[in-house]
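Below is one structure; the comments refer to it alone.
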Amino acid sequence: MVTVQSISNYDEQHSSAVTIGTFDGVHIGHRTILEKLIKNATSDGLKSTVLTFFPHPRMVLQKDADIKLLNTIAEKTKILEQMGLDYLIIHPFTKEFSRLSATAFVRDILVNRLKTKKIVIGYDHRFGRNRNANINDLITFGNTFDFEVEQISAQEIDEVSVSSTKIRKALEEGDIHVANKFLGYLYMLTGTIKKGKGLGRQLGFPTANLALGVSYKLIPKNGAYVVKSNI
């Protein structure tokens, strides 16, 4: 997988199959979209391309929103790379970018820059200034600019729709089981081990003090958890 920082640095001349979103957590709902994207790209001879954004739009547009994320950029990149995508484009999300109209986004970015021929997207996707365009608008744009749109329905576990918001809530409440089930993998914290006070050794349990390196990573509710570690 080739990782590209900013749409302006993407120079692939081959046509693409594209999906768009923040993909926080890369949970099982996201994976359904991504697996379909890769399948379509392979069968149609296209480049499978993910367009994602950082910072998270809510960090930029809602300054008072103390949102915590399920993945760091490094974690998300690693998960996506393991899926076998061709391209990951990480575009800086700014207030200026948020003011881009739906028409300009489709014409200038999806069509002219990414050479999109197929879009695989979630049923609730919205885009453009003030998020005023939806899946039906995207289908209309497809008819105008000659690309196909495939809509993916919500994924459910135990009759509950999976979402990044619900996973965050589960972690904040200490419900690791539900979070892991929705993610499709064990929730991870990545960082550097720092020397602590040695209190764990006195209790007879192995512990590690982890410096995450970022302030936006969601840390589960305080508690005692069984974990797997890779050093």
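The values are calculated or read from the model by the stated rules, or taken from the named source; none is laboratory data. Since the structure is predicted, the reported quantities are computational estimates derived from the model, not experimental observations. Backbone-built Cβ (ideal geometry, glycine too); neighbour counts: all protein chains shown.
Points worth noting:
- Selection from the range 27-68 of residues that are of a type outside the set (S, T, N, Q), part of a loop (DSSP other than H, G, I, E, B) and more than 25 Å from Thr116 (Cβ to Cβ): Lys63, Asp64, Ala65, Asp66, Ile67, Lys68
- Looking only at the range 189-213, residues that are of a type in the set (Phe, Trp, Tyr) and assigned to a strand (DSSP E or B) come to 0 in all.
- Gly21 fulfils the conditions (1) under 10 Å from the mean Cα position of the chain (by Cα); (2) at pLDDT 95 or above; (3) buried (at least 19 other Cβ atoms within 10 Å of the Cβ) except for a single criterion, (3).
- Residue match in the range 79-96 (condition: of a type in the set (Lys, Arg), surrounded by 16 or more Cβ atoms within 10 Å (Cβ to Cβ) and either farther than 23 Å from Phe147 by Cβ or touching a residue at least 60 places away in the same chain (Cβ under 8 Å) (or both)): no
- If you go through the range 133-153 and pick out every residue that is more than 23 Å from Gly45 (Cα to Cα), modelled with pLDDT of 95 or more and of a type outside the set (A, V, I, L, M, F, W, C), you end up with 4.
- Members of the range 191-220 found to be out of contact with any helix residue (DSSP H, G or I) (no Cβ under 6 Å at 6 or more places or on another chain), within 30 Å of Met83 (Cα to Cα) and of a type outside the set (A, V, I, L, M), listed by number: Gly191, Thr192, Gly213, Ser215, Tyr216, Lys217
- Given (1) surrounded by 18 or more Cβ atoms within 10 Å (Cβ to Cβ); (2) within 24 Å of Thr116 (Cβ to Cβ); (3) not charged (D, E, K, R), index of the condition Asn71 fails: (2)
- Complete set of residues in the range 114-124 that are under 16 Å from Thr103 (Cβ atoms) and not in a strand (DSSP E or B): Leu114
- Residue among Phe105, Phe97 that alone is modelled with pLDDT of 95 or more, of a type in the set (A, V, I, L, M, F, W, C) and under 26 Å from Tyr216 (Cα atoms): Phe97
- Selection status of Ile219, in contact (Cβ under 8 Å) with a residue 60 or more places away in the chain and over 25 Å from Ala74 (Cβ atoms): no
- Of note, Asp66 satisfies the criterion of being of a type outside the set (A, V, I, L, M), at pLDDT below 95 and closer than 25 Å to Tyr187 by Cα.
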